[in-house]
Amino acid sequence: MFDVVLDDLVQPQLDGFPHAARLAFAELRVALELSPWSGEPAHANHPDSPTRTMAFGPHREGLAGYVIIDRTDRRQVVIVEVAWLG
């Protein structure tokens with residue numbers, strides 16, 4: 001299981017989201033705790049990169065960018081950016 005943390009810039013972005021988007025984001029956090037590698041690589045030329053994106057929301061109207069730290073002493077997902085287009 002991974003710890004999910006927010007970069008300092010993410011909370012202000014979330015504060016501007018509508019209620020439905022914040023609920024969808026909560027579901028995304030749970031998904032990232034369990035399976036962060038299931039997101040898309042941020043760069044197609046680097047498919048094994050720990051820099052990933054994942055769409056969220058009922059119609060995939062949200063997008064999160066994050067970095068995976070996957071070491072024996074630290075398993076963490078740092079969400080660095082979110083956007084809501086819904």
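The values are calculated or read from the model by the stated rules, or taken from the named source; none is laboratory data. Predicted model, so just to flag it, every value in this text is computed and none were measured. For neighbour counting, all protein chains shown are included, and Cβ atoms are generated from backbone atoms with ideal geometry for every residue, glycine included.
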Seminar exercise, completed: For segment 55-79, pairs from a residue that is within 17 Å of PRO41 (Cα to Cα) to a residue that is part of a strand (DSSP E or B) and acidic (Asp, Glu), with Cβ under 6 Å and 6 or more apart or across chains, are GLY65/GLU81; GLN76/ASP3
Seminar exercise, completed: Residue hits (segment 1-45; in a loop (DSSP other than H, G, I, E, B), farther than 24 Å from ASP73 by Cβ and of a type outside the set (Phe, Trp, Tyr)) are LEU9, GLY16, PRO18, ALA42, HIS43, ALA44, ASN45
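Which of the residues spanning segment 58-86 are of a type outside the set (A, V, I, L, M) and in contact with a Pro (Cβ under 8 Å, 6 or more places away or on another chain)? Before the answer, list the steps.
Quick first cut of segment 58-86, residues of a type outside the set (A, V, I, L, M) only: 58-62, 65-66, 70-76, 81, 84, 86.
Within segment 58-86, TYR66, ASP70, TRP84, GLY86 meet the criteria.
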Exercise. For segment 51-86, how many residues are surrounded by 17 or more Cβ atoms within 10 Å (Cβ to Cβ) and either in a loop (DSSP other than H, G, I, E, B) or at pLDDT below 95 (or both)?
Worked result: 1
Seminar exercise, completed: The condition from (1) out of contact with any Phe, Trp or Tyr (no Cβ under 8 Å at 6 or more places or on another chain); (2) acidic (Asp, Glu); (3) within 14 Å of VAL82 (Cβ to Cβ) that GLU40 misses is numbered (3)
Exercise. Say we look at segment 20-45 and pick out the residues that are at pLDDT below 95 and not aliphatic (A, V, I, L, M); which of these is nearest to ASP70 (Cα to Cα)?
Worked result: HIS43
